Amino acid sequence: MNIDFTEQELAFREEVRAFFREELPEQVRYKIDNGLRISRDDQVAYQKALHAKGWAGVNWPVEYGGTGWSSAQKYIFFNEAAEAAAPRIIPFGLSMVAPVIYTFGSEEQKQRFLPDILASNVWWCQGYSEPNAGSDLAGLKTKAVRDGDHYIVNGTKTWTTLGHYADWIFCLVRTSDTGRKQEGISFLLIDMKTPGVTVKPIITLDGRREVNEVFFEDVRVPVENLIGEEGKGWTYAKVLLTHERTNIAGVAPSKHRLSTLRKLLDNPPAGMGNLRQNSLFMARVIQAEVELKALEFTELRVLSAVSTGKAPGPESSILKIKGTEVQQMIDELYLEVAGYYALPFVPGQYEDGYDGVRIEPHFAPDVAPHYYNNRKVTIYGGTNEIQKNIIAKAVLGL
Amino acid sequence: MDFALNDIQQMLQDSAAKFIKNDYDFETRRALTESELGYSQSNWQLFAELGWLALPFAEEFGGMGGDLSDLVVLQTELGRGLVVEPFLSTVILCGGLIQRHGSDAQKGELIEKVLAGELKLALASAEPQAQTRVEDVATTAVADGDGYLLNGHKCVVLDAHSADMLIVVARTGGVAGDRDGITLFLVDPNQAGVELFNYPTNDGGRAAEVRLNRVRVSAGALLGDKDNAFPALEATFNHAIVALSAEAVGIMDRLLEATVEYCKVRKQFDQPIGNFQVLQHRMAEMFIECQQARSMLYFGAITAAAGGEEAARAAALLKVKIGSAGRLVGQQAVQLHGGMGVTDELDVGHFFKRLTMINTLFGSQDEHLQRLVFKAQAA
């Protein structure tokens, strides 16, 4: 039993560190470290830098331009990325639709879509949830009706993250109303510029636009945009959801956030109280550390099992639940640390070109918005309650 | 990075699981706890033959040279069987002190007897005013000719009733609370001035209040050097916390299994109660805590093995997690078994009792949390 890295893995870690030192712009690092939003251009530039290094397809097979990294290498990469305050990789293209395309897509679809996903030339978003299909996703109603060599799509998708940035959307659509509801679902790729597609913002508790509603009104989609077979979309989507769940845990970013918090407590900047003297608060900090440490080792156990060729054990199913709970524990600690300075709401103050008064301490202005917005993590990707249903059924056999 | 069991660990796990299955069912264990000795002498001999008693000792003294991970594997299985034989007292606590602090001659002589099953030991460390604060030693050892006179009260000395020898922690210098001036003595429990009040513990074990009244020992009774036993005590308790946590993880796994099985067969409202979502989620939460506790155990085993300041911190973090996970899993296992959960008849309640006492031993969740907070505030 050990968590030691091999010499090659240590050398790889140095290479990753050097990459972030050289390629990550300081202003991006600053924004990420302080919970601020980065622009679409910042995001794309970062992913293009990864691509130039050959590191964009972290989980992709080598034959499609992926890294072919071992579990240990992936672990190292994500830890160093978090430690360097790099942006997260937007998952919709690189880690969600791409695996579906290279696993279930036709040769022509692979050639058409994968290179632009890998190079971050095309921004993808996800069309799963609907106003009346949340946890019960298979109850989705967006209809795709065959008309010659096109589907005519009508319906509404919602909670579409960064849909206003997106060029393409991958959708679950209903192609049949007979049989089990899961069997009438198909997986369709839709160009957002197609006539009849409209995107409307949903403003979340942080006062910002992150998610959207996407409306489809008689949208004509060529049949060659259907992935795999008609009616098999649910099977393909489930593969993707597993990817989503492990991504959401966010162990490495939580480690970075908690260690940044500890540094703030040890050296409080002007405007921040001396929270370290509050023993009740410090006990909560330690408890967060305990949960996070356990979670880190749960993740290592999963990685270690995968790297020895075993399927991830039942411990993998807890990553989403525990990972999001720990994120929210840390959010609460930050709220406490910000104190009164959690109150000022000046969303533009770190945007480029802002010339008003800046509220200090520097980390405080985004603390409350982040806390509000991040209540989403126990809800999306299958609510934590749904995850418990899955554990009860799939793991405990209840 | 590797969490798979190696060959030796696999062998340990298999032999321990086989022992529990064939020789240690719950009714057998109950009969043992009610017997005069409180456990089985022939089991103890079997442990010696299987090499378990030799596991953590260095090879040069006839041991197997096993590390903390090996111990974790064995202890987890012993936890699943609620084993009451005095492995923790003799091998992990006293054995650990002999290995760390004894002179070479003492190691040679004592370890050989321990691993043959011929010497059982009990650690007389805690005192009523101090409990888990190891450095708070009021028991005194005053020079008397070429020996020492021991005076003091040692509380809840685990497995003292059948120990051939006690290791008594006494102060030879400084005042209570000092880390310097702490010395270990090998004391024969039958000698004049040693008074034992033996009693059963509510988790199926035995313990005693040990009063030392002008107990005269020779200079040869010193285990290792005088005055500087604290680091060995601290390191031994850190390892003991890992071993105890492994036992807890074995117990928690067993409780989850028993609860899930029960909820599949127990019917109310014309269906198995495991169909009800409120109970399913409760069991999912128990499962999560079992896994998180096991992960934390691995962190503790790996980090504490390296020693130093990090070992103490890792042991404390681990004990905090074992405390909270153990409380949730133990209480919910009883709750989901309904009235049966609070009967003496069913094994579930006995696992729950041991888990509850594990939180108390070597510092509870709250004690360790407070220590970690004070450390963070002093940094």
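Residues are listed down the side, and each one gets a yes or a no for (1) without any contact (Cβ under 8 Å) to a residue 24 or more places away in the chain; (2) more than 12 Å from chain B (Cβ to nearest Cβ):
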{"site": "A:ILE227", "(1), (2)": "no, yes"}
{"site": "A:ILE248", "(1), (2)": "no, yes"}
{"site": "A:PRO253", "(1), (2)": "no, yes"}
{"site": "A:HIS256", "(1), (2)": "no, yes"}
{"site": "A:ARG262", "(1), (2)": "yes, no"}
{"site": "A:LEU275", "(1), (2)": "no, no"}
{"site": "A:LEU280", "(1), (2)": "yes, no"}
{"site": "A:ALA283", "(1), (2)": "yes, no"}
{"site": "A:ALA288", "(1), (2)": "no, no"}
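Only a single item in (1) crowded, with 19+ Cβ neighbours inside 10 Å; (2) out of contact with any Lys or Arg (no Cβ under 9 Å at 6 or more places or on another chain); (3) more than 25 Å from A:THR161 (Cβ to Cβ); (4) not aromatic (Phe, Trp, Tyr) is not met by A:VAL97, and it is number (3).
Against the definition (more than 10 Å from chain A (Cβ to nearest Cβ), touching a Ser or Thr at 6+ places or on another chain (Cβ under 7 Å), assigned to a helix (DSSP H, G or I) and surrounded by 18 or more Cβ atoms within 10 Å (Cβ to Cβ)), how does B:GLU310 come out, yes or no? Don't jump to the end; show me each part of the working.
Details: more than 10 Å from chain A (Cβ to nearest Cβ): yes; touching a Ser or Thr at 6+ places or on another chain (Cβ under 7 Å): yes; assigned to a helix (DSSP H, G or I): yes; surrounded by 18 or more Cβ atoms within 10 Å (Cβ to Cβ): no.
Here the answer is no, as B:GLU310 does not meet what is asked.
If only residues of region A:16-43 that are surrounded by 14 or more Cβ atoms within 10 Å (Cβ to Cβ) and among the acidic types (Asp, Glu) are counted, the one that is farthest from the other protein chains (Cβ to nearest Cβ) is A:ASP42.
Results for (1) away from chain A (no Cβ under 14 Å); (2) in contact with a Gly (Cβ under 6 Å, 6 or more places away or on another chain); (3) under 30 Å from A:GLU296 (Cα atoms), shown as yes or no for each residue.
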{"position": "B:MET1", "(1), (2), (3)": "no, no, yes"}
{"position": "B:ILE8", "(1), (2), (3)": "no, no, yes"}
{"position": "B:LYS21", "(1), (2), (3)": "yes, no, no"}
{"position": "B:ALA31", "(1), (2), (3)": "yes, no, no"}
{"position": "B:PRO56", "(1), (2), (3)": "yes, yes, yes"}
{"position": "B:GLY63", "(1), (2), (3)": "yes, no, no"}
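Cβ-Cβ distances below 8 Å connect the following pairs, each with a first residue in region A:71-98 that is within 14 Å of another protein chain (Cβ to nearest Cβ), a second residue that is among the polar types (S, T, N, Q), and a separation of six or more residues or different chains: A:SER71/A:SER304; A:SER71/A:SER307; A:ALA72/A:THR6; A:ALA72/A:SER307; A:GLN73/A:THR67; A:LYS74/A:ASN59.
How many residues, within region A:32-43, are in a loop (DSSP other than H, G, I, E, B) and either within 13 Å of A:HIS256 (Cα to Cα) or more than 17 Å from the chain's Cα centre (by Cα) (or both)? Number satisfying all stated conditions: 2. Taken over region B:274-286, the criterion of being facing chain A (nearest Cβ under 10 Å) and open to solvent by 10 Å² or more (accessible area, probe 1.4 Å) is satisfied by B:ASN275, B:PHE276, B:GLN277, B:LEU279, B:GLN280, B:HIS281, B:ARG282, B:GLU285. In region A:320-331, the residues that are within 14 Å of another protein chain (Cβ to nearest Cβ) form Cβ pairs under 6 Å with partners that are charged (D, E, K, R), at six or more places apart or across chains, as follows: A:LYS320/A:ARG245; A:VAL326/A:GLU291.
Working carefully through the options B:SER245, B:SER218, find the one that is closer than 26 Å to B:GLY95 by Cα, in contact (Cβ under 8 Å) with a residue 60 or more places away in the chain and within 14 Å of another protein chain (Cβ to nearest Cβ).
Working: B:SER218 fails: within 14 Å of another protein chain (Cβ to nearest Cβ).
Residue meeting the stated conditions: B:SER245.
Taken together, the criteria place A:VAL367 among residues that are away from chain B (no Cβ under 14 Å), in contact with a Gly (Cβ under 9 Å, 6 or more places away or on another chain) and of a type outside the set (Asp, Glu).
With a cut-off of at least 2 residues that are under 17 Å from the mean Cα position of the chain (by Cα) and of a type outside the set (A, V, I, L, M), name the helices (runs of 4 or more DSSP H) lying wholly within region B:1-81.
B:41-50, B:68-80
Being in a helix (DSSP H, G or I), under 25 Å from the mean Cα position of the chain (by Cα) and either β-branched (Val, Ile, Thr) or farther than 22 Å from B:SER69 by Cα (or both) is a property that B:PHE299 lacks. Contact map, region B:288-300: residues that are within 9 Å of another protein chain (Cβ to nearest Cβ) paired with residues that are outside any helix (DSSP H, G or I), Cβ distance under 7 Å, separation 6+ or inter-chain. Pairs shown: B:TYR298/A:MET1; B:TYR298/B:PHE3.
In region B:256-273, which residue that is among the aliphatic types (A, V, I, L, M) and either in contact with a Lys or Arg (Cβ under 9 Å, 6 or more places away or on another chain) or surrounded by fewer than 20 Cβ atoms within 10 Å (Cβ to Cβ) (or both) is farthest from B:LEU328 (Cα to Cα)?
Initial filter on region B:256-273 (among the aliphatic types (A, V, I, L, M)): B:256, B:258, B:260, B:265, B:273.
When the remaining residues are screened for being either in contact with a Lys or Arg (Cβ under 9 Å, 6 or more places away or on another chain) or surrounded by fewer than 20 Cβ atoms within 10 Å (Cβ to Cβ) (or both), the result is B:258, B:265, B:273.
Working: B:ALA258: 15, B:VAL265: 23, B:ILE273: 20 Å.
My answer is B:VAL265.
The rows are residues; the columns are (1) at pLDDT below 85; (2) not charged (D, E, K, R).
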site	(1), (2)
A:SER317	yes, yes
A:THR324	no, yes
A:LEU333	no, yes
A:TYR341	no, yes
A:ASP352	yes, no
A:ASP366	no, no
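Does region B:356-366 contain at least one residue that is assigned to a helix (DSSP H, G or I), within 14 Å of another protein chain (Cβ to nearest Cβ) and crowded, with 18+ Cβ neighbours inside 10 Å? There is at least one residue in region B:356-366 that is assigned to a helix (DSSP H, G or I), within 14 Å of another protein chain (Cβ to nearest Cβ) and crowded, with 18+ Cβ neighbours inside 10 Å.
How many residues, within region A:44-88, are of a type in the set (S, T, N, Q), closer than 23 Å to A:ARG112 by Cβ and either open to solvent by less than 10 Å² (accessible area, probe 1.4 Å) or not in a loop (DSSP other than H, G, I, E, B) (or both)? Even if it seems obvious, please write down each step before you answer.
Here is the first cut: in region A:44-88, the residues of a type in the set (S, T, N, Q) are A:47, A:59, A:67, A:70-71, A:73, A:79.
Next, from what is left, pick out any that are closer than 23 Å to A:ARG112 by Cβ: A:47, A:59, A:67.
Imposing the further condition that a residue be either open to solvent by less than 10 Å² (accessible area, probe 1.4 Å) or not in a loop (DSSP other than H, G, I, E, B) (or both) reduces the set to A:47.
The qualifying residues number 1.
When you look at B:ALA235, is it under 30 Å from B:GLU310 (Cα atoms), within 14 Å of chain A (Cβ to nearest Cβ), touching a residue at least 40 places away in the same chain (Cβ under 8 Å) and part of a helix (DSSP H, G or I), yes or no? Please lay out each step first, then the result.
On the way: under 30 Å from B:GLU310 (Cα atoms): yes; within 14 Å of chain A (Cβ to nearest Cβ): no; touching a residue at least 40 places away in the same chain (Cβ under 8 Å): yes; part of a helix (DSSP H, G or I): yes.
For B:ALA235, the condition - under 30 Å from B:GLU310 (Cα atoms), within 14 Å of chain A (Cβ to nearest Cβ), touching a residue at least 40 places away in the same chain (Cβ under 8 Å) and part of a helix (DSSP H, G or I) - is not met.
Residues that are over 19 Å from B:VAL91 (Cβ atoms), polar (S, T, N, Q) and in contact (Cβ under 8 Å) with a residue 24 or more places away in the chain within region B:22-52 comprise just one, B:THR33.
Does A:GLU289 count as among the acidic types (Asp, Glu), modelled with pLDDT of 95 or more and open to solvent by less than 50 Å² (accessible area, probe 1.4 Å)?
Working: among the acidic types (Asp, Glu): yes; modelled with pLDDT of 95 or more: yes; open to solvent by less than 50 Å² (accessible area, probe 1.4 Å): yes.
Yes, satisfied.
You will find that of B:GLU261, B:GLU289, B:GLU209, the residue that is assigned to a helix (DSSP H, G or I) and under 23 Å from the mean Cα position of the chain (by Cα) is B:GLU289 and no other.
When region B:65-79 is filtered for residues that are away from chain A (no Cβ under 14 Å) and either in contact with a strand residue (DSSP E or B) (Cβ under 8 Å, 6 or more places away or on another chain) or acidic (Asp, Glu) (or both), only B:GLU77 remains. Flag set for A:ASP149, criterion: of a type outside the set (A, V, I, L, M), within 16 Å of A:LEU188 (Cβ to Cβ) and touching a helix residue (DSSP H, G or I) at 6+ places or on another chain (Cβ under 9 Å).
The values are calculated or read from the model by the stated rules, or taken from the named source; none is laboratory data. Quick caveat: nothing in here was measured; it's all calculated off a predicted structure. Positions of Cβ are generated from backbone atoms using ideal geometry, with glycine treated the same way; all protein chains shown enter the neighbour counts. Heavy atoms of the whole protein, side chains included, go into the accessibility calculation; ligands, DNA and RNA do not. Shrake-Rupley method; radii C 1.70, N 1.55, O 1.52, S 1.80 Å.
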